[in-house]
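Student: Supplied in structure tokens, the structure appears directly below.
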Amino acid sequence: MDQYSVKQASFLIIVTLSGIISSVVFHISLVFGILPGLIYLIILSLRKGYTLSNMLKLGYKGIGKVRIVLFILFLISFLLPSWYLSGTITSMVQITLNAINPHHFFVFCFFTTMVFSMILGSSIGTLSALGVPLISTALLLHLPVEVTAGAVISGAFVGDRTSPFSSAHQLLASIVETTVKKQGKAMLITSITAVIVTILFFSIMDVHFGSMISTIHKQNDNQIAISFIQFIPPILLVALVLFRLNIILSYLVSILSGSLIAIYNGISLSEIINSFWKGIEGLGGGLMHMYSLLLFIAIAGVYNALLEELNIIQPLLDRWLKTSTSMLSDSLKTIGATLIICVIAGNQTMPIILTGRSFVNHWSNKYSNEELARLMGDTTLLFPAMIPWNVLAIMSSTVINMHLHSYLPYAIFLWLLPCLTIILSVKNRSKYYQSTYEISS
């Protein structure tokens, strides 16, 4: 099959990105944003002799590559409401707030949101549950809310990037064709280093702002009753995953247990179903808010299946990467590409899919799929939270009611990891030279 011209490839990129930018600017679904690019791909396919049957098969294959993520996102829309109605979310927040030590407040904020996000696998869910009460407490203590927001955002994105329950983490593993276990292992060095440095940073902030602390007057009048039964849903979810049961089944069991506890607590079935559809105000969840994203991911899967089959973009990328002489060079080019995609795409999902599918062959041939997963985990999963017009950044700043530029300097976890992954690439470049020497010998 003849390669497509640079003009055709450029036009495809312009059409796709223009559609996505328009959907972000005019606040319409990303589904409509990606359709112009998909239509142009279909036209190119027809010109190359592909039949409708061929394209349907390719589309089905593309959706199959992201099906696990579709299932997880579908179930997450029910998970948060079921945990809230069962009292799980409220109890976890209550225990968190009661455990606050004001002299280690910023470290506490980072650590608790990190643990919470590792359990939920959702930055927005974590920010919704803990962001407002923690920032309110900072105001009560007369501590800077910008530093507090930085700690909360940093902790929330530890789980969004690293948790096996995170849809973004699952999507990345699926796209770069590796397992969640191998991906987590590849991310381990930068993950541990970033967490340690972040804790040290907020420890310094605690010391620096310690003299500003006022006494907390705890309100004991509104204390809620906490029982072990309210922690059954998260315990079941974590336990089943740790015992390597199917993650879909694990989510289903947790959701079902939460729903049964809610019914036991007097919540009607109709209210549970309504919450499953609409979500919980101020917390999130609900299929109503998720189905558009599910459809977008499915269409993006079809788009990328056709893009791979037609091989339009890959020759351009291969030519660009051909001059690379080290892992550092490859890393910087990949980071540059994913940053541009993140700036233009307006969400977290598209950069994962486009970057992963475009670079996976190059990285698997020269290094490994896991190295690419580590690089993207340290950049692609975090860049969207640092771009003001990105949906993820908008949602995060809206939940905590603060502008991005105010807290970003203190959200050290977000911008520390890209630096660490570049340093690791410099360290690993000797492996490239060694392997090249062995091949030439």
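The values are calculated or read from the model by the stated rules, or taken from the named source; none is laboratory data. Model, not experiment: these values are computed from the prediction. Reconstructed Cβ throughout: ideal geometry from the backbone, glycine too, with neighbour counts over all protein chains shown.
Let's see how each residue does on (1) modelled with pLDDT of 90 or more; (2) over 18 Å from the mean Cα position of the chain (by Cα):
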residue: V107; (1), (2): yes, yes
residue: L120; (1), (2): no, no
residue: T137; (1), (2): no, yes
residue: L143; (1), (2): no, yes
residue: D160; (1), (2): yes, no
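Student: Moving to a separate point now. Could you list all residues from segment 1-43 that are outside any helix (DSSP H, G or I) and either in contact (Cβ under 8 Å) with a residue 24 or more places away in the chain or not aromatic (F, W, Y) (or both)?
Tutor: Selection gives M1, D2, Q3, Y4, S5, H27, I28, S29.
Student: Continuing with the same structure: State which residue is farthest from L75 (Cα to Cα) when the search covers only segment 112-164 and only residues that are of a type in the set (S, T, N, Q) and assigned to a loop (DSSP other than H, G, I, E, B).
Tutor: S163
Student: When only residues in segment 327-381 that are under 26 Å from S154 (Cβ atoms) and not in a helix (DSSP H, G or I) count, which is farthest from the chain's Cα centre (by Cα)?
Tutor: Looking at residues that are under 26 Å from S154 (Cβ atoms) and not in a helix (DSSP H, G or I), I get G346.
Student: Could I ask something else about it? In this structure, does I100 turn out to be outside any helix (DSSP H, G or I), at negative phi and among the β-branched types (V, I, T)?
Tutor: The answer is yes for I100.
Student: To continue, here is another question. Among the residues of segment 71-80, is there at least one that is under 30 Å from P144 (Cβ atoms) and part of a helix (DSSP H, G or I)?
Tutor: yes
Student: Now for a different question. Say we look at segment 124-162 and pick out the residues that are of a type in the set (A, V, I, L, M) and without any contact (Cβ under 8 Å) to a residue 60 or more places away in the chain; which of these is surrounded by the most Cβ atoms within 10 Å (Cβ to Cβ)?
Tutor: The selected residue is L134.
Student: Is one or more of the residues making up segment 84-99 farther than 29 Å from Y264 by Cα, within 22 Å of the chain's Cα centre (by Cα) and in the same structural domain as G150 (by TED's automatic domain parsing)?
Tutor: no
Student: Can you tell me which residues in segment 165-199 are outside any helix (DSSP H, G or I) and under 20 Å from N361 (Cα atoms)?
Tutor: Selection gives V176, E177, T178, T179, M187.
Student: Would segment 65-78 turn up any residue that is over 17 Å from N311 (Cβ atoms), more than 21 Å from the chain's Cα centre (by Cα) and modelled with pLDDT of 80 or more?
Tutor: There is no residue in segment 65-78 that is over 17 Å from N311 (Cβ atoms), more than 21 Å from the chain's Cα centre (by Cα) and modelled with pLDDT of 80 or more.
Student: Residues S275, S270: which one is at pLDDT 75 or above, in a helix (DSSP H, G or I) and exposed (fewer than 13 other Cβ atoms within 10 Å of the Cβ)?
Tutor: Checking each option against the conditions leaves just S270.
Student: The conditions are (1) at pLDDT below 75; (2) among the small types (G, A, S); (3) in contact with a helix residue (DSSP H, G or I) (Cβ under 8 Å, 6 or more places away or on another chain), and S441 fails exactly one of them. Which is it?
Tutor: (3)
Student: With assigned by TED's automatic domain parsing to the domain that holds L172 and either more than 28 Å from D160 (Cβ to Cβ) or not small (G, A, S) (or both) as the only criterion, which of I72, I63, I21 stands out?
Tutor: Just one listed residue meets the conditions, I72.
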